[in-house]
Amino acid sequence: MSERATWATRVGFLVAAIGSAVGLGNIWQFPFKTASNGGAVFLVVYLVAVVGIGLPALLAEFVVGRKTKANAVDAFRKLGHPRWRVIGAFGAFIGFWIVSYYSVVGGWVGRYFIGSVTGGYFDAPGQYFGAIATGPEAILFHGLFMTATVTVVALGVNSGIERATKVMVPGIVVMMLGLAVWAATQSGAAAGYSYFLNPDFSTLLANAGDVVPFAVGQAFFTLSLGMAIMITYSSYVGEDTSLFVDGGVIVVMNTLIGVLAGLVVFPVLFANGIDPNTTKAEAIFVAMANAFSQVPGGRLLGMVFFGVVLIAALSSAISLMEVVVSYATDHSTVSRPRLAVLTGTVLFVMGLPSAWDTAWLGWFDTLAYKLFLPLSVLLLLLFVGWVLADEAVEQLLLGSDTGWLGPVWLWTVRTVVVLAVVATLALGLETLLLGGDIVPPV
Ligand code: TRP
C-alpha cells in the first residue's frame, strides 16, 4: 500500500469540494425548486437552512473524515463505534439512488449541448424537450453520461479530480457571471429579479409543509451532504487547515453559484412568458433553449450555458460515484476500472425507469429529498454531536484560531440543528405519506 494521498494544495481540496457541491442541484434544480415553491420565500428559507443547518452539518462530516483519514464506512469503525458504520453504508446507498436519475438529467444536458452545437433545437425549442427527455433517446444519453463518469472514476481521481476541478470551477464562475450579464439585458429581467428576490411571506405560511422540507433538502443536496462525500474528501485534508474557514468558503461559493443561476434563469423565464409558479423540471431547458433560439449568437450562448451545466454535473456525478467505488476498491481485489464499470452498469439499469418516464425521476428525487438525505444527515449529527462530542470539537479546532467557535458549534449541532432536521423530516414524511408521494408511479 502506498501512503495515503493528500490534496497537493489547500486550494485543491477547496475546488474539489466546490466541484462536488456545484452541480445540477445549483443550476437546474435550485431555480426550478425556487420557482415551484414560492420564489423569493424559498430563497430565504434556503439561505437560513444553508447557514444554520448545512454549514454545521458540513463541519460534522469534515470532523469524521479528517480525524479518521478513512473511507466513509471504515471511518466509524476506526473511531471505535462500528455500529455507526450504517451511516456510511446508508450514504453509499443514497449515492446509488441519486446518481441513477442525476445521470438521466445529465444526459438531457449533454443532448442540449449537442443541440446548441448543431442548432438541433433552434427551429422548435418548445417541442425539443418532449422529444428527447424520455424513451430510447433519453436512455442513450443517460448511457453516455454514465460512460463519461465511469471513465473518469476508472482512471483514478486522486490527481484527476484535483487537476480537473481546478480548471472547471473558475470556469463555471466566469461563464455564469457572463450569462448573468446577458440575462440582465433580457426583457423579463425586472420581473424575474422581483420574483426571485422579493419574498412574499404569505406563501410560506400557506405552504410550509412543502417549502421547508424542500429548502432543507436542497441545502443538503447542493452541499453534497448525507452521502459521505465530504467525509471522503476531508479525509485527505491536513491538520493545519481551518475547517471553519474552508467550510465557510465552500458554502459561500456554492450558494453564490446557485443565486447566480437564478439571476440567469428567472429573467429568461419571464422574458419567455413562462409562469414560474407552474414551472416543472423541463421549464428551464425549454426557456433557455427558446431564448437561445431567438437572440443573436444564440448557438454560442447555448454552448456556453449547457456546457457549464454539463461540466458541473459531471464533476458532481464523479464525486457521487467515487464514494461507492473507493469503498469497493478498499474491500475487494477487483481492479478499480472493473469496479467502476460494474457500478456504472448497475446505476445505468437503476436509472432506466427515470429515463423512460419523468414521473419516475420525480419519485426518486422526492424520496431522496424528503426522506433519505435528512435521515442520513440526522444520524450523522446525532453521532458527531452526542457520541463523539468533545472529541469532535478537539478535531474541529485543529488548525483554527477561532477556538470559541468549537463549543458553539457543538451545542448548535446537538440541539437546534438536530431539532430542525427532525422537524424537516416530519414535515417531509407527512407530505410523503398523506400526499401519497411515497407510492411509486407504476
Ligand atoms: N451537490 C451536487 C449538486 O448540487 C449533487 C451531489 C453531489 C450530491 N454529491 C452529492 C447530492 C451527494 C447529494 C449527496 O448538484
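Every read-out reported here was derived from the displayed coordinates using simple, explicitly stated rules and does not represent laboratory data. What you are looking at is a predicted structure, and each value in this text was computed from that prediction instead of being measured. Heads up, the Cβs are rebuilt from the backbone with ideal geometry, glycines too, and the neighbour counts pull from every protein chain shown.
Worth pointing out:
- Burial order of peptide ranges 227-233, 149-155 (average beta-carbon count within 10 Å, highest first): 227-233, 149-155
- Stretch gain in nm, segment V48-V442, where the contour uses 0.36 nm per residue and the Cα spacing is subtracted: 138.2 nm
- With Cα atoms, 0 to 90° folded angle of helix 336-356 axis to the chain main axis: 40 degrees
- Farthest positive-ward along region 224-365 dipole, Cα basis, beta-carbon charges - from M350, L301, V245: L301
- Cβ-derived FRET efficiency at R0 41 Å, A389 paired with L434, nearest 0.05: 0.65
- Here the contact order of the chain, divided by its residue count and restricted to Cα pairs under 8 Å and six or more residues apart, works out to 34 percent.
- Gain on full stretching of the segment that runs from D200 to T333 - 0.36 nm per residue minus C-alpha separation: 42.2 nm
- Counting lysine pairs in the chain whose alpha carbons fall under 26 angstrom apart, excluding pairs fewer than 8 residues apart on the same chain, gives 7.
- Using θ = phi - 60° in the Karplus curve 6.51 cos²θ - 1.76 cosθ + 1.60, the 3J(HN,Hα) couplings for region 182-188 round to 4, 4, 5, 8, 6, 5, x Hz; x is entered for Gly and Pro.
- Each Lys or Arg adds one and each Asp or Glu takes one away; over the other residues whose Cβ falls under 12 Å from the Cβ of A228, this sums to -2.
- Building the convex hull from the alpha-carbon atoms of region 9-141 and averaging its projection over directions returns 11.6 nm².
- Cα centroid of region 269-302 to Cα centroid of region 59-119, whole Å: 31 Å
- By average C-beta atoms within 10 angstrom, highest first, the peptides 181-187, 256-262, 43-49, 340-346: 256-262, 43-49, 340-346, 181-187
- Once the Cα-Cα distance is subtracted from the 0.36 nm per residue extended length, the L300 to V349 segment shows a gain of 14.2 nm.
- Pairwise centroid distance, computed over Cα atoms, of region 186-215 with region 321-370, Å: 33 Å
- The simple spin-label model puts a point 7 Å past each Cα toward its Cβ; for A208 and T118 those points are separated by 5.1 nm.
- 11 Å beta-carbon shell around D437, net charge (K/R +1, D/E -1): -2
- Within the shell defined by Cβ-Cβ distances under 15 Å, the residues around A131 carry a net charge of -3, with Lys and Arg each +1 and Asp and Glu each -1.
- If R0 is 25 Å, the Cβ-Cβ spacing of K69 and V245 corresponds to a FRET efficiency of close to 0.80.
- A dipole drawn for the chain from +1 and -1 charges on Cβ atoms has a positive end, and of G406, A261, T203 the residue lying farthest that way is G406.
- In sequence order, region 123-137 has phi-based couplings of 7, 9, x, x, 8, 4, 4, x, 6, 10, 6, 9, x, x, 5 Hz under the Karplus curve 6.51 cos²θ - 1.76 cosθ + 1.60, θ = phi - 60°, and Gly or Pro positions carry x.
- The packing ranking of peptides 304-313, 84-93, highest mean first, is 304-313, 84-93, where packing means the average number of other beta carbon atoms within 10 angstrom of each residue.
- Rounded, prolate or oblate (a/c below 1.5 giving rounded, otherwise prolate when a/b exceeds b/c) for region 326-381 by Cα gyration tensor: oblate
- Model label zone, A190; criterion: amide N under 16 Å from point 7 Å along Cα-to-beta-carbon; scope region 289-303: none
- Total charge dipole magnitude, the chain, about the Cα centre, Cβ charges on Lys, Arg, Asp, Glu only, Debye to nearest 20: 620 debye
- In Hz, Karplus ³J(HN,Hα) per residue of region 48-53 (6.51, -1.76, 1.60; θ = phi - 60°; x = Gly, Pro): 4, 5, 5, 6, x, 10
- L155/A359 FRET efficiency (R0 35 Å; Cβ-Cβ; nearest 0.05): 0.50
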